[in-house]
Amino acid sequence: MTCPPKVGPFILFIGFWITAFLPVNGAFAAPQDASPEQALDEQLVALQNNDAPAPNAGIRQAWKFSHPANRRYVGSLRRFEWLLTTPAYRPLLNHISHEVVRVSEMDEGVLFEVTVVAQDARVMQYLWILSYIENEAREGSWATLRVTPPIYAGQSI
């Protein structure tokens, strides 16, 4: 059975819109008992495999880990997708490898240094702050409060 020409594109659009906001890998964010390291690793693995199982699935998964304050600052998923495709954050997408070092705990949350080897072999370092969510729908989980623009740390072999 085929849809009438006027209905088909509308249904396709609605289907895309719905799937763009469905959970990726069945998760909304890190479970409440997950550590900040686990929450960060889930984001990095999603970004490393950005286009699996669908284009920008990793970006959508990372958005789900975005702290409510960060979401207010960024605005929307569409703007977040655009931000991650800028030269500063593009190295995170489909990167070769990453290493995470817990730097310190601070009033805002936990500070990590994230070193990424990008697809083009550039080594980039980001400072990543995760904060514990309180008094929100996702209360009790860790979420990304802020990620700094990277520092170029050289080339990988």
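Read the figures in this text as sums done on the coordinates, not as results from a lab. For clarity, every value in this text was computed on a predicted model and none was experimentally measured. Neighbour counts run over all protein chains shown; Cβ positions are idealised from the backbone, glycine included.
Out of Asp51, Asp107, one residue alone is among the acidic types (Asp, Glu) and touching a helix residue (DSSP H, G or I) at 6+ places or on another chain (Cβ under 9 Å). It is Asp51.
Scanning region 40-54 for residues that are among the small types (Gly, Ala, Ser) and crowded, with 21+ Cβ neighbours inside 10 Å turns up just one, Ala46. Listed by first and then second residue, the pairs with beta-carbon distance under 7 Å, at least 6 apart or on different chains, first residue in region 85-109 and free of Cβ contacts under 8 Å to residues at least 60 places away in the same chain, second polar (S, T, N, Q) and part of a loop (DSSP other than H, G, I, E, B), are Leu93/Asn50; Asn94/Asn50; Asn94/Gln119; His95/Gln119. Annotation: Ile133 fulfils all but one of (1) surrounded by fewer than 17 Cβ atoms within 10 Å (Cβ to Cβ); (2) at negative phi; (3) out of contact with any Phe, Trp or Tyr (no Cβ under 7 Å at 6 or more places or on another chain); the unmet one is (1). Just to be sure I understand the filter: pairs with C-beta atoms under 6 Å, separated by 6 or more residues or on different chains, first member in region 57-73 and touching a residue at least 24 places away in the same chain (Cβ under 8 Å), second member surrounded by fewer than 22 Cβ atoms within 10 Å (Cβ to Cβ) and charged (D, E, K, R). Which pairs pass? The qualifying pairs are Ile59/Glu81; Pro68/Glu136. Filtering Glu105, Glu81, Glu99 for residues that are over 23 Å from Tyr152 (Cα atoms) and either of a type in the set (D, E, K, R) or surrounded by fewer than 20 Cβ atoms within 10 Å (Cβ to Cβ) (or both) leaves a single hit, Glu105.
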